[in-house]
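The structure appears below as structure tokens.
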Amino acid sequence: MMSDAPCPLYIFRSANFAPSGNTVVTIAPIDRVAAVYGGEGGGGLSDAFGGVAIFLNDATGERFAGVWGARNASRFRRKMRESIPVVLRRETPAVRLALWSAYGKRPARIR
């Protein structure tokens, strides 16, 4: 159930997506992401970015969805800000990467 509180957007660096271990990641609660991008479980996000990362807080069971890569993370944050009230949190939340997938054709680059 979504609340009226601003949606937290977590921005942090992760070692899970590239050998350099310094990949920008942005995530938000999965219900808020689904409200903006559609698709339960990150499906709409996956369609928009050609991939999705799902994070889980084991203590609370809260799920988060997001994207990795500086450009994708920036596009994700912009659309979230345009759609719902958000608050940026430049910190790594108490979550673990539960799964991620990248498939299909990446979206066309806008010049």
* Asked: Looking at the stretch 53-99, which of the residues that are polar (S, T, N, Q) and more than 12 Å from the chain's Cα centre (by Cα) is least open to solvent (accessible area, probe 1.4 Å)?
  -> 57
* Asked: Based on what the data block shows, is residue 50 out of contact with any Ser or Thr (no Cβ under 6 Å at 6 or more places or on another chain) and open to solvent by less than 20 Å² (accessible area, probe 1.4 Å)?
  -> yes
* Residue check: is residue 24 of a type in the set (A, V, I, L, M, F, W, C) and crowded, with 18+ Cβ neighbours inside 10 Å? -> no
* Asked: Restricting attention to the stretch 9-39, which residues are among the hydroxyl-bearing types (Ser, Thr, Tyr) and at pLDDT 95 or above?
  -> 10, 26
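The values are calculated or read from the model by the stated rules, or taken from the named source; none is laboratory data. Since this is a predicted model, take the numbers as computed values, not measurements. Every residue, glycine among them, receives a Cβ derived from its backbone with ideal geometry; neighbour counts consider all protein chains shown. Only protein heavy atoms, including side chains, enter the accessible area calculation; ligands, DNA and RNA are left aside. Shrake-Rupley method; radii C 1.70, N 1.55, O 1.52, S 1.80 Å.
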